Amino acid sequence: MTAAHPPSPPARAPLMALDEALVRLLAQAAPLSDTETAATFEADGRVLATDLVSELQVPPQDNSSMDGYAVRRADVREAGVVLSVSQRIAAGHAAEPLRAGTCARIFTGAPMPVGADAVVMQEDTREVGGDLHAVHIDAVPALGQWVRRAGEDVTRGAVVLPRGQRLSPASLGLAASLGLARLPVVRRPRVALFSTGDELVMPGDVTPADMKPGAIYNSNRFFLRTLLQRLGCEVSDLGIVPDRRDLTLAALKTAADHHDLILTSGGVSVGEEDHIKPSVQQLGTLDLWQIAMKPGKPFAYGTVRRDAGAGADVDIACHFMGLPGNPVSSFVTFLLLVRPFLLALQGAGVPERRPVKLPAHFDLPRADRRREFLRVRRNAAGGLDLFPNQSSGVLTSAVWGDGLVDNPAGSTIAQGDLVSYISFADLLA
Ligand code: AMP
Ligand code: MG
């Protein structure tokens, strides 16, 4: 008996390189033009809409960086001189001009008295006979010693934080040092999120004991929502959309009217139960199909038209991004593609991926045809260990790991090879 030849698979379009996909995505990310003000306390992760120019200098005046005595250097030509203490200046209190031949007791952060040109730290002084009114100065100070100059942090009129800067805890502190309680920021991108898959159930709705055969918990929804929020997005979580064309079309249509981006997970492969791609094609355009990366091949970008009469700008279609359902693929494509896109949408500089070269403490004997992003972690010996199971369904790898090795297509790795490592800390910042 001769076996029938299986039908040959349909010719496939070549996969798109990740870098090209990113360039194309960023080209679509026209920055949002709406701005608003946010309380400085609430502005972590937001993007500045204008340059912040300082109206004052920081620190506002010369002040002491030590607890000690403010002196005129001309009065301390040699170690051991005795000076009487003519005033006491604590932080937050005004100073009198320093009388010649005297010193001022001074504390860290207190303004320098006019006439003083150095501070001698208290460890270099001795009280005269337990009397607080005179001290021996035991060290000859250099000009400006232990003095913080007015404006040494910020000069008046300087652009302290530029437009497009993403605010971090330190930059919020710097903005506050200029007296700013509110900051001009780009409005939050509005993102509609939904997960597809008839197998998905929600933690809390179904107990592990009551899971039907074939059911799994929806894990992607949890990290995707959190990642979006960390990027400053306003998330409309539309929950789980079943694997049905009509419901997929309905979810996409409603989401398009009120959002800048629709982000989905699952259903972007080419099986009959994958309704996302044909639905997006019907309601708009689908531009990217498959990316030459592992994990993350079935990533899709497109647009969904808005209905006339919808509140949002109908001339601009809603962006669409479809992430693969496998959790690690979803996670990695979010970090490498969705994140830069959302930063660009907010007018923030897209951070360069800055891999560092570290030695592999593992072997990867089999090369893949796609560029691979391996879950690894740094070890105490300064090298990288590989998580043993690199399957795109094994989310443990992304928790165990502290970063990714960016391994070029077709490359094997041997112990000791220097490989490109990108930390999750950089990708999640
Ligand atoms: P799909 O991309 O829909 O073909 O899904 C690929 C794999 O990822 C399947 O094993 C799905 O069960 C799984 N999957 C899809 N969506 C999720 C999700 N939200 N959470 C966890 N696993 C998922
Ligand atoms: Mg599915």
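The values are calculated or read from the model by the stated rules, or taken from the named source; none is laboratory data. Computed from a predicted structure; not experimentally measured. FYI the Cβ positions are ideal-geometry reconstructions off the backbone, even for glycines, and counts take in every protein chain you see. To get the accessible areas, we keep the full protein, side chains included, count just its heavy atoms, and leave off ligands, DNA and RNA. Shrake-Rupley method; radii C 1.70, N 1.55, O 1.52, S 1.80 Å.
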Original post:
Within region 216-234, how many residues turn out to be more than 8 Å from ligand 1 (Cβ to nearest atom), open to solvent by 70 Å² or more (accessible area, probe 1.4 Å) and either assigned to a helix (DSSP H, G or I) or β-branched (Val, Ile, Thr) (or both)?
Top reply: 4
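Do the conditions hold for PRO203, that is, is it of a type outside the set (Ser, Thr, Tyr), free of Cβ contacts under 8 Å to residues at least 60 places away in the same chain and within 16 Å of ligand 2 (Cβ to nearest atom)? First the steps, then the outcome.
Details: of a type outside the set (Ser, Thr, Tyr): yes; free of Cβ contacts under 8 Å to residues at least 60 places away in the same chain: yes; within 16 Å of ligand 2 (Cβ to nearest atom): no.
No, not satisfied.
Conditions tested, residue by residue: (1) in a strand (DSSP E or B); (2) at negative phi; (3) without any contact (Cβ under 8 Å) to a residue 60 or more places away in the chain.
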position: VAL82; (1), (2), (3): yes, yes, yes
position: ARG99; (1), (2), (3): no, yes, yes
position: CYS103; (1), (2), (3): yes, yes, yes
position: PRO113; (1), (2), (3): no, yes, yes
position: LEU132; (1), (2), (3): yes, yes, yes
position: GLY151; (1), (2), (3): no, no, no
position: VAL160; (1), (2), (3): yes, yes, no
position: GLY179; (1), (2), (3): no, no, no
**OP:** Return the pairs, sorted by first residue and then second, in which the second residue is part of a strand (DSSP E or B) and more than 10 Å from ligand 2 (Cβ to nearest atom), the first residue lies in region 260-282 and is of a type in the set (Asp, Glu), the beta carbons are less than 8 Å apart, and the residues are 6+ apart or on different chains.
**Re:** ASP260/ARG190; ASP260/VAL191; ASP260/CYS318; ASP260/HIS319
**OP:** Could you please give the count of residues in region 166-210 that are aliphatic (A, V, I, L, M) and within 13 Å of ligand 1 (Cβ to nearest atom)?
**Re:** 4
**OP:** May I ask you to say which residue of ASP287, ASP274 is on the phi < 0 side of the Ramachandran plot, out of contact with any helix residue (DSSP H, G or I) (no Cβ under 9 Å at 6 or more places or on another chain) and of a type in the set (D, E, K, R)?
**Re:** ASP274
**OP:** Could you give me the residue pairs with C-beta distances under 6 Å whose first residue belongs to region 289-309 and is away from ligand 2 (no atom under 16 Å from the Cβ), whose second residue is in a strand (DSSP E or B) and among the polar types (S, T, N, Q) wherever it lies, and which are 6+ apart or on separate chains?
**Re:** GLY302/THR285; THR303/THR285
